[in-house]
Structure formats: C-alpha cells, structure tokens
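We did not get these values from a lab; they are worked out from the coordinates using the rules stated. These figures come from a predicted structure and were not determined experimentally. Ideal geometry is used to build each Cβ from the backbone, glycine not excepted, and the neighbour counts take in all protein chains shown.
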Number of protein chains: 2
Amino acid sequence: MDATEFRRRGKEMVDLIADYLENIEQRPVYPDVEPGYLRSLIPEEAPEESETYEDVVKDIERVIMPGVTHWHSPYFYAYFPTANSFPAMLADMLSGAIGCIGFSWAASPACTELETVMMDWLGKMLKLPEDFIAGTHGQGGGVIQGTASEATLVALLAARSRAVRMILASDPQRPETGITSKLVAYSSDQFCATLGTTPSCAFDHITELGPICNAEKIWMHIDAAYAGSSFICPEFRPLLNGIEFADSFNFNPHKWLLVNFDCSTMWVRKRSDLIGAFKMDPLYLKHDHQESGLVTDYRHWQIPLGRRFRSLKMWFVFRMYGLKGLQDYIRKHVELAKEFESLVRADQRFEISADVVLGLVCFRLKGSNEVNETLLKRINNGRKIHLVPCQLSGQFVLRFAVCARTTESRHIREAWRLITQLAEEVMQELPH
Amino acid sequence: MDATEFRRRGKEMVDLIADYLENIEQRPVYPDVEPGYLRSLIPEEAPEESETYEDVVKDIERVIMPGVTHWHSPYFYAYFPTANSFPAMLADMLSGAIGCIGFSWAASPACTELETVMMDWLGKMLKLPEDFIAGTHGQGGGVIQGTASEATLVALLAARSRAVRMILASDPQRPETGITSKLVAYSSDQFCATLGTTPSCAFDHITELGPICNAEKIWMHIDAAYAGSSFICPEFRPLLNGIEFADSFNFNPHKWLLVNFDCSTMWVRKRSDLIGAFKMDPLYLKHDHQESGLVTDYRHWQIPLGRRFRSLKMWFVFRMYGLKGLQDYIRKHVELAKEFESLVRADQRFEISADVVLGLVCFRLKGSNEVNETLLKRINNGRKIHLVPCQLSGQFVLRFAVCARTTESRHIREAWRLITQLAEEVMQELPH
C-alpha cells in the first residue's frame with residue numbers, strides 16, 4: 001500500500017470508526033462467543049502472497065466484532081472507564097505517522113519536550129506542589145508511563161535504590177545483597193497508598209500516612225489511577241491533600257481524562273531519585289547535550305527503552321476540551337453515578353455497599369451472596385449491559401462504573417430498569 | 001468534537017500524514033533546535049476554554065515539526081529501524097477506536113484470541129520449534145510485550161520464580177529471601193543471549209550456550225530485538241539455530257517487520273512458567289471461563305495490567321504484505337547495506353569494523369578515534385543524513401543502519417557522497 005492508496009483507505013477507516021462509535025449502543029455490549037471461537041475463523045498460517053485491503057476490512061465484522069467487549073458502549077459499566085475521544089485518536093494517528101522513538105532528547109527533541117511541558121500543564125491542573133513541576137526551580141518533574149503497574153514498579157525500584165544508597169552512605173563496607181534482602185515495602189491489600197481503589201474507590205488517609213513516611217525516610221508512592229482525573233475539579237481536589245508528603249504520584253488520564261490508552265502520568269519530587277535507579281548510557285545513545293543538565297533523557301525514567309510520542313494525545317485533548325470541558329466531563333460522570341445511587345437507595349430491596357465519591361456505585365440486593373451472584377450472571381448473560389463484581393468485607397457486591405464518554409441519564413435509567421427486572425426474577429426463584 | 005466533525009478532521013489528518021510521509025526527504029533529517037526550544041512556543045498552562053481544531057493543527061508545523069528527528073526519512077541511518085507502514089497505521093486507528101483493554105479473555109475475547117493466533121502465525125514464519133506454538137499440544141505460546149526490555153525483565157522474573165520453586169521443592173523449609181539473594185544471572189555486557197547486538201549486530205553462539213543452560217537448569221532467554229525479523233527468510237533462519245534450547249525468545253516486529261511501535265513478540269516454552277510468576281486474580285477480573293484451562297488471560301504474562309489491541313497491526317501487515325512481501329522487504333534492506341559496505345570497501349581511506357550480516361554497517365576512517373568523532377559530528381551537523389556511533393574494542397566506530405521503508409539505492413549513494421566529502425574536509429584539517 002502506497003501513500004495514494006492510504007489516502008483512500010485511511011478516509012474509509014475514519015468513516016468506519018465514526019460509524020462504529022455512532023452506532024455502538026445497537027451492539028450487544030458483551031460478546032456471545034466461546035473460548036477458541038476465533039481460531040477456526042481464520043487460516044492457520046499467514047498468507048504467502050499479499051491480500052487486498054478489501055479482504056482484510058471485511059473480516060473486521062466477520063472475525064473481530066463478534067468477540068469484542070464494547071468498552072465504549074454507554075451500556076458498559078464494568079471495571080473502570082478507559083478513555084476514548086476524537087482529539088486523542090487524531091493525535092494518535094499523527095504519533096503513529098511521525099513514529100519516532102523518544103528514548104533520548106536527541107532521538108526526537110519535540111517528543112521529550114512536549115511531554116515535559118504537558119506533564120507540567122497537567123500537574124498545574126491538579127494543583128500539585130511546585131516541587132513536582134519541571135518548569136520551576138524544583139528538582140522534580142513528570143513522565144508518561146504505560147500503565148499504573150509500571151509506575152508503581154518504577155517507584156518501588158527507585159525507592160529500593162534510594163534506600164540502598166542511604167545505607168551505603170553511612171556504612172560503605174556493607175555488601176549490597178545483605179541490604180536488599182532486609183528492605184521492607186509496606187502496603188495494604190491494594191498495595192501502596194491508594195486514592196480510589198479498584199474494588200470500591202476507597203481512599204487511604206494520606207495525610208496520616210505521609211508524615212510517618214517522611215519521618216522514617218520511607219519512600220511514599222501514591223497511586224490514584226482512576227480517581228486522579230477528578231482532582232482537576234476544585235471540589236474533588238481535597239481528596240489529594242497529603243500529596244505534599246509524597247515522593248512520587250501517578251494516575252491514568254487513559255482512564256478518565258479522555259486521553260486514549262496508554263497514558264499513565266507519573267511525577268517525582270526528585271528527578272535524580274529515578275535516574276539513579278535506571279541510568280543506562282551506551283555510546284550509541286550519547287548526544288551533545290546530555291551532560292549539560294538542560295535536557296531530559298526519558299529512558300532513565302522507565303523500564304522500557306523505546307517510547308511513543310504520547311504527549312501529542314494530551315496536547316490535543318487539553319486544548320480541544322479546555323480545562324472547563326474536562327471538568328464538565330468529570331462532573332457529568334459523577335452526577336450520573338449519583339443518579340444511579342438514588343435509584344438504588346429508593347428501592348428497599350437493595351443496599352449501597354460503599355460511599356459513592358466519584359463515578360463508581362457499589363451495590364447489592366439485601367440478602368445472600370448467592371442471590372447477588374445469580375443476579376450478576378443474569379445481567380451479563382443478557383448482554384445488554386455489562387458489570388463486574390467485587391468483594392467487600394466478605395460480601396459479593398456489584399460494581400456499577402460510569403464508563404463511556406456518551407453515557408447519558410437515559411442509559412442509566414434503562415440499566416436500572418433491566419437490573420430491577422432481573423432482580424425480581426431472581427428473587428422469585430431463590431431464597432434470599 | 002463529535003463523530004461528524006471527526007469524519008472531516010480524520011480525513012484531513014489522513015492527508016496530512018500522507019503529505020508528511022511522501023515529502024519527508026525534503027526535511028532536514030535531524031532537527032536544528034536547542035534544549036528547551038519548545039517551552040517558549042506554547043503557553044505555560046492548559047487553556048481554560050476549548051480551542052478549535054484549526055488552532056491545534058496549525059501548531060504541528062510551528063511547534064512540533066522543528067523538533068522532530070525524522071525516523072522515517074530515507075536519510076535516517078541512526079540506531080536501528082522503527083517500523084512504519086500504512087497497513088499498521090490503519091489497524092492502529094481501528095485499535096484506538098475499539099479501545100478495549102485486554103487484561104483478561106472476557107475483557108475482550110477477540111483481543112486475546114487474535115493475539116494468540118497472530119503469535120502462532122509469526123512463530124511459524126520463523127519456524128520456531130512446535131513447543132512455542134500455542135495451537136499445538138505443546139505447553140508454550142506467545143505474547144506481545146511493549147518492548148524488548150519488558151520481555152527481558154519478564155523472562156528474568158519468571159526465571160527467578162522457577163529457580164525458587166525448584167529449590168523449595170527439594171528443601172521446603174528454606175526461607176525464600178535466603179534463596180533469592182544467592183541466585184545468579186549470567187550475561188555478557190549486552191545482557192542475556194543476544195542475536196544481533198545493538199552496537200554491531202553481533203551474534204552469540206547459542207548452540208554452545210544452550211546445552212550448558214539446559215544441563216545446569218539455567219533459564220535461557222534469547223533476545224533478537226532487531227535481527228529476529230530477518231529469520232522469516234530461509235537464508236537467515238540458520239542464525240536462530242539453537243532456539244531449541246531456549247526457555248523464552250523475543251524480537252521486535254516494531255523494528256524491522258513493518259508493524260508500528262509497540263510490538264515486541266515473546267514466546268515461552270512453558271506458559272505455566274510465566275503465569276506462576278505474575279498471577280493476580282481479584283474478584284473484579286474473574287470470569288466464567290478462566291478455570292476451564294481453555295482461555296488465556298494475558299495479564300499473567302506481563303508487568304502491566306492493561307493492554308491495547310496490538311495484534312490487529314500484525315494481522316493487517318501480515319495479510320497485506322504476505323510472507324513474500326515481508327521477505328522481499330528484509331532482503332532489500334540487507335542488499336542496501338551490502339551496497340553501502342561495497343562503497344566503503346572500495347575506498348582505501350575507510351575500513352569495515354564488523355561483519356555485515358543484516359542491515360547494519362559498522363565502519364570508520366582508518367586512523368584515530370578523534371578523526372572519526374569529528375567526521376560524525378560534521379555528518380550530523382549537516383542534518384542531511386543522521387548516524388550514531390558505537391564503541392568496538394576501544395575504537396570509535398560509525399554505525400550505518402538501513403532504516404526507512406522508503407530507502408533506495410539512490411539514498412545510499414547520496415549518503416556515501418556526503419560522508420566522503422566531509423571525510424576529505426576532516427582529513428585535510430586533522431592529523432589521522
């Protein structure tokens with residue numbers, strides 16, 4: 001395929017995507033396939049000769065779509081949201097075409113510099129302490145990681161490296177293996193300090209944890225993967241109080257801030273803490289500016305060496321929504337969750353299982369775990385809406401997360417109608 | 001931006017991309033900017049109100065392009081290639097629109113199943129031993145990682161986990177920390193067993209290393225990040241001999257197989273070795289099929305939890321090029337490298353510094369490191385072509401890697417003309 005054909009096929013793909021997203025709620029949100037369904041639909045080996053684009057594109061509906069869980073359907077209420085917006089998709093097309101690998105400043109200065117400035121923009125939207133902003137006299141800054149898991153691992157490795165350096169500074173003769181085997185990482189059953197846990201969107205008391213960590217020289221990493229996006233709204237920003245005690249912090253704009261996956265934003269108070277843990281400098285990656293102290297080489301901030309031009313997505317989204325547009329988006333999701341909460345609370349057969357702080361509602365039928373498990377199974381087998389469960393204090397609980405960009409009040413009410421209808425069936429059949 | 005505006009803007013972006021790639025060789029391959037150039041070109045904070053798409057798109061040429069190193073210019077010969085093809089870009093657009101997060105089979109069955117089958121397709125193209133193919137009675141299979149660094153880390157963690165289990169099996173009372181601090185990882189200065197090192201594309205003798213690893217029950221991981229793509233050609237497949245001793249193997253189709261970044265393909269001989277190291281099973285990720293043994297939940301195979309629908313890129317590329325088209329592509333790059341090698345060998349002032357096996361030529365002026373460092377600086381300051389150096393046995397060496405999809409003989413000859421012209425200048429100025 002040459003550029004001329006790409007002009008034609010690319011435009012067809014744009015229409016295919018717009019059609020898919022405009023009509024997504026007509027599709028069953030959860031697929032009706034059995035494990036192994038796909039293998040029998042396509043050949044066992046790659047073709048020897050090239051096929052045409054028509055051959056490939058017609059297989060999207062035949063092979064792929066029957067097995068897709070439609071995360072962007074307004075009837076998708078499972079897990080947590082994953083972001084999807086048109087500005088982010090346009091930026092990602094451009095990122096793919098430029099296709100640079102930004103492991104060093106010189107490998108593509110724009111890729112590194114836009115990332116640093118976008119991390120500052122976002123840090124300022126969250127009103128992070130100045131220490132975390134690169135464009136100040138502080139020693140911190142931000143980096144885009146792939147996922148929160150990677151950010152947490154990077155924080156853990158940097159913490160270990162800092163702890164070893166601290167101990168070696170006071171006792172230089174001590175063997176390093178003897179140190180690392182004695183280090184302790186403190187966590188809850190959700191790991192590190194978490195703002196908005198996955199099961200129930202619960203919040204750790206970081207204003208209590210923080211001073212202890214600081215006094216004991218324990219690295220404090222705060223993960224707000226889902227909830228972090230909401231901190232751009234002044235009314236939710238108090239949830240982040242205590243950030244001033246943290247050594248590192250991350251959340252996922254690819255969850256709830258309209259920046260398509262992957263984009264997990266991480267800030268550190270001291271750049272040198274990260275770079276000390278990961279530095280690698282072969283000759284083929286050296287460049288004139290790296291000793292000047294003026295440039296950032298992001299390969300020292302992460303596990304991978306290669307990296308995409310992901311800040312373009314942030315730039316397009318922040319500018320085309322504006323801070324107000326992003327705040328409106330967060331508030332709308334929280335309102336929809338509150339609307340669902342009210343519907344649940346108005347029905348005596350149900351109970352709310354955890355505080356509804358943001359866009360997640362944890363609820364259940366009053367009664368046994370069994371009756372709730374059966375209800376959830378019926379809901380998902382209907383394929384009209386999709387939810388997943390969690391376990392809270394031994395209880396089987398249903399999670400209702402407002403996820404899609406296009407979810408409206410009518411979808412929430414339709415979902416509740418379906419849930420109550422199935423609940424009636426289940427309650428007639430089962431003791432509860 | 002709604003779907004209607006996306007139809008218009010998406011088509012404009014398709015044209016912008018086609019224009020960029022069709023005219024890329026008119027641009028200086030290496031940017032002429034100083035560190036910090038970008039920050040002054042854009043505001044210090046995100047806008048409160050939304051901006052128009054026109055505002056954003058006109059800043060691509062003003063803000064971004066002056067700082068881009070053009071990896072897909074036919075005059076880019078630095079590092080190693082990063083893939084860029086139209087079928088991969090089309091697939092990536094679709095992947096962004098579907099926007100599912102494939103951490104479990106149920107989270108989007110098509111995402112998991114296409115990946116498993118594409119990894120089989122690619123494994124068969126490489127003629128991997130059947131053990132590594134999922135659609136057989138073997139215990140292995142493939143997974144797409146983000147980068148070779150992540151694949152190596154995953155292999156290392158899986159190896160550690162297996163070693164600990166082996167030792168505990170014979171001595172169950174032994175404390176685990178006492179075991180891990182005694183484990184040893186063997187590597188060269190390029191790490192693990194490598195086929196095609198980054199500095200010079202050198203090959204480890206895996207037919208010698210393999211039997212020792214197997215006899216000593218050492219996990220053998222083979223990294224062929226760049227070279228791996230060439231193994232789809234029968235004439236280069238012998239370079240992979242010894243793979244039968246490996247526990248895990250990876251290479252990067254996002255380097256040299258026309259699948260845009262990120263796509264690092266990794267195979268393991270025993271799925272259970274990986275899953276044992278990474279398993280995580282909270283209730284909100286459980287699904288009906290996971291205990292059946294029929295499905296793959298890829299979150300157990302990697303560091304991140306979330307993952308994109310990356311196998312679509314492989315599917316589009318393999319079908320639209322066909323195996324023969326991909327082989328032709330590899331062979332063309334190797335021929336271009338051989339052409340460059342001949343030009344170097346025909347000039348008495350230069351020498352070839354390492355065997356030219358694939359698409360990389362390591363060469364230098366006969367003489368001091370200083371004269372070669374000066375030559376490279378002149379080359380890159382000219383911004384017409386871009387190369388990076390490496391160090392081989394204490395010598396400063398220039399690396400010439402055939403990178404872009406559109407590189408032709410005329411670009412190679414033009415590059416050589418420039419290099420020899422600058423070499424003459426340098427040799428007149430400096431003792432050598």
Expressed to two decimals, segment B:189-341 has a Cα Rg over Rh, using the Kirkwood radius, of 1.01
Go through segment A:276-284 residue by residue and turn each phi into a ³J(HN,Hα) via Karplus (6.51, -1.76, 1.60, θ = phi - 60°); whole Hz please, and just put x for glycine and proline. x, 7, 10, 4, 9, 9, x, 4, 5
Above 15 angstrom, tally the Cα pairs of segment B:365-432 and express them as a % of all pairs, no decimals. 53
Integer Hz, Karplus 6.51/-1.76/1.60 couplings in order for segment A:147-155, x for Gly and Pro: 9, 5, 4, 5, 4, 5, 5, 4, 4
Out of residues 5 or more away from B:A354 or on other chains, whose amide H comes under 5 Å of its own, with H placed 1.01 Å from N in the peptide plane? B:C362
Net charge of Cβ neighbours under 13 Å - reference A:P81; Lys, Arg +1; Asp, Glu -1: +4
homo-copy label distances at A:D355 (7 angstrom along Cα-Cβ), nm, one dp, ascending, are 6.7
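Could you work out the equivalent-ellipsoid semi-axes for segment B:64-208, taking the square root of 5 times each eigenvalue of the Cα gyration tensor, largest first, in whole Å? Write out the running numbers ahead of the final one.
Details: eigenvalues 228, 120, 61 Å².
Working through the eigenvalues yields semi-axes of 34, 24, 17 Å.
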I'd like the FRET efficiency for B:E12 and A:Q173, computed as 1/(1 + (r/R0)^6) with the beta carbon distance as r and R0 of 56 Å, rounded to 0.05. 0.30
Within 10 Å of each residue's Cβ, count the other Cβ atoms and sort B:Y77, A:Y53 from fewest upward. A:Y53, B:Y77
Could you pull out every residue, at least 5 positions away or on a different chain, whose amide H is within less than 5 Å of the one on B:F249? Hs are placed 1.01 Å off N in the peptide plane, and Pro or chain starts have none. B:I222, B:W267
Charge dipole magnitude, Cβ of K and R +1, D and E -1 - segment B:219-370, Cα centre, debye nearest 20: 360
One would report the Cα pair-distance distribution of segment A:100-308, bin width 5 Å, in %, as 1, 7, 15, 20, 20, 16, 11, 7, 3, 1, 0
Towards the positive end of the charge dipole of the protein assembly as shown, with charges on Cβ (+1 Lys, Arg; -1 Asp, Glu), say which of A:H333, A:P304, A:V361 has the farthest Cα. A:P304
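Within a 10 angstrom radius of the beta carbon, how do A:M220, A:M280 rank from fewest other beta carbons to most?
Neighbour counts put them in this order, fewest first: A:M280, A:M220.
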Go through segment B:383-389 residue by residue and turn each phi into a ³J(HN,Hα) via Karplus (6.51, -1.76, 1.60, θ = phi - 60°); whole Hz please, and just put x for glycine and proline. 6, 8, 10, 9, 10, 10, x
Taking all pairs of distinct Cα atoms, average 1/r, flip it, and tell me the Kirkwood hydrodynamic radius of segment A:195-250 in Å to one decimal place. 11.5
Label points for B:R413 built 7 Å along Cα→Cβ; distances to same position in the other copies, nm, shortest first, come to 7.4
So what is the calculated 222 nm ellipticity per residue for chain A, using -39500 (n - 2.57) for each DSSP H run with n of 4 or more, over all residues, to the nearest 500 deg cm²/dmol? -13500 deg cm²/dmol
Just the number: Rg to Rh for segment B:3-82, Cα atoms, Kirkwood Rh, two decimals. 1.02
Per-residue average of Cβ from other chains inside 10 Å of A:308-317: 3
How large is log10 of I(q)/I(0) for segment A:78-126 at q = 0.20, 0.25 Å⁻¹ when the intensity is taken from the Debye formula with one equal scatterer per alpha-carbon? -0.89, -1.03
What order do you get for B:K366, B:K384, B:K255 when you list them from fewest to most C-beta neighbours inside 10 Å? B:K366, B:K384, B:K255
Cross-link pairs beyond the 22 Å C-alpha cut-off, checked among A:K255/A:K279; A:K58/A:K384; B:K11/B:K324; B:K124/B:K255; A:K313/B:K279; A:K11/A:K58: A:K255/A:K279; A:K58/A:K384; B:K11/B:K324; A:K313/B:K279
Averaged across the residues of A:83-90, what count of C-beta atoms belonging to other chains lies within 10 Å of each residue's C-beta? 6
Please list the equivalent ellipsoid semi-axes of the protein assembly as shown, computed as the square roots of five times the alpha-carbon gyration tensor eigenvalues, in descending order and whole angstrom. 43, 30, 30
List the residues, sorted by chain then number, that are 5 or more residues from B:Q145 or on another chain and whose placed amide H is less than 5 Å from its amide H. B:S264, B:T265, B:M266
Average the reciprocal distances over every distinct pair of alpha-carbons in chain B, invert the result, and give the Kirkwood radius in Å. 24.1
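What number results when the radius of gyration of segment A:282-432, computed over Cα atoms, is divided by 2.2 N^0.38 Å?
Rounded to two decimals, the normalised Rg is 1.55.
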Centre separation in Å (Cα based) which lies between segment B:219-282 and segment A:78-143: 30
Simple label model, 7 Å out from Cα along Cβ direction - A:L294 to B:N381, nm: 1.6
Pseudo-label separations to other copies for A:L430 - Cα-to-Cβ vector, 7 Å, nm: 7.8
Simple spin-label estimate for A:K338/B:S409, 7 Å along Cα→Cβ, in nm, reads 7.2
